[in-house]
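So the structure is just underneath, and the comments pick up after that.
The values are calculated or read from the model by the stated rules, or taken from the named source; none is laboratory data. In this text, all values refer to a predicted model and were calculated from it rather than measured experimentally. Every residue, glycine among them, receives a Cβ derived from its backbone with ideal geometry; neighbour counts consider all protein chains shown. SASA here: full protein model, heavy atoms, side chains in, ligands and nucleic acids out. Shrake-Rupley method; radii C 1.70, N 1.55, O 1.52, S 1.80 Å.
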Amino acid sequence: MHWPTEPEEYRRLAASSEAPASAYRELFKQPLAAYDLQAIRAHLDKYCAPGSGKFQDEIEAVAGRRAKIVPQGRPRKPKDGAEE
């Protein structure tokens, strides 16, 4: 069995080996901004991955499924009547 290791970001939270757990708890005592919370909920409601475009591309490559929110319906036609 392979046990997971602590992520590098976790270890960088503090200098000693005991301090990251305390720093991690403090990090999550801060409330999320309303905009961030809304974005997370919108992505999870549509079974999509919240994160940057690069992160979503990586998730799509690994999972073999869409990870971005896409507009519903057909693409809009240009207003001038010209085709794209």
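Close Cβ contacts (under 7 Å, 6 or more residues apart or on different chains) running from residues in region 34-53 that are without any contact (Cβ under 8 Å) to a residue 24 or more places away in the chain and on the phi > 0 side of the Ramachandran plot to residues that are in a helix (DSSP H, G or I) and loosely packed, with under 11 Cβ neighbours inside 10 Å are absent. When we screen Lys46, Lys54 for residues that are under 12 Å from the mean Cα position of the chain (by Cα) and either modelled with pLDDT of 90 or more or of a type in the set (Val, Ile, Thr) (or both), the only hit is Lys54.
Across region 42-53, the qualifying residues are those that are among the small types (Gly, Ala, Ser) and assigned to a loop (DSSP other than H, G, I, E, B), and the one among them that is least open to solvent (accessible area, probe 1.4 Å) is Ala49.
Within region 36-84, the set of residues being touching a Lys or Arg at 6+ places or on another chain (Cβ under 9 Å) and of a type in the set (S, T, N, Q) comprises just one member, Gln56.
Restricting attention to region 1-41 and to residues that are modelled with pLDDT of 75 or more, assigned to a loop (DSSP other than H, G, I, E, B) and open to solvent by 90 Å² or more (accessible area, probe 1.4 Å), the residue that is farthest from Ser52 (Cα to Cα) turns out to be Lys29. Quick check on my filter: what residues within region 54-78 are touching a residue at least 12 places away in the same chain (Cβ under 8 Å) and either basic (Lys, Arg) or loosely packed, with under 10 Cβ neighbours inside 10 Å (or both)? Within region 54-78, Arg66, Lys68 meet the criteria.
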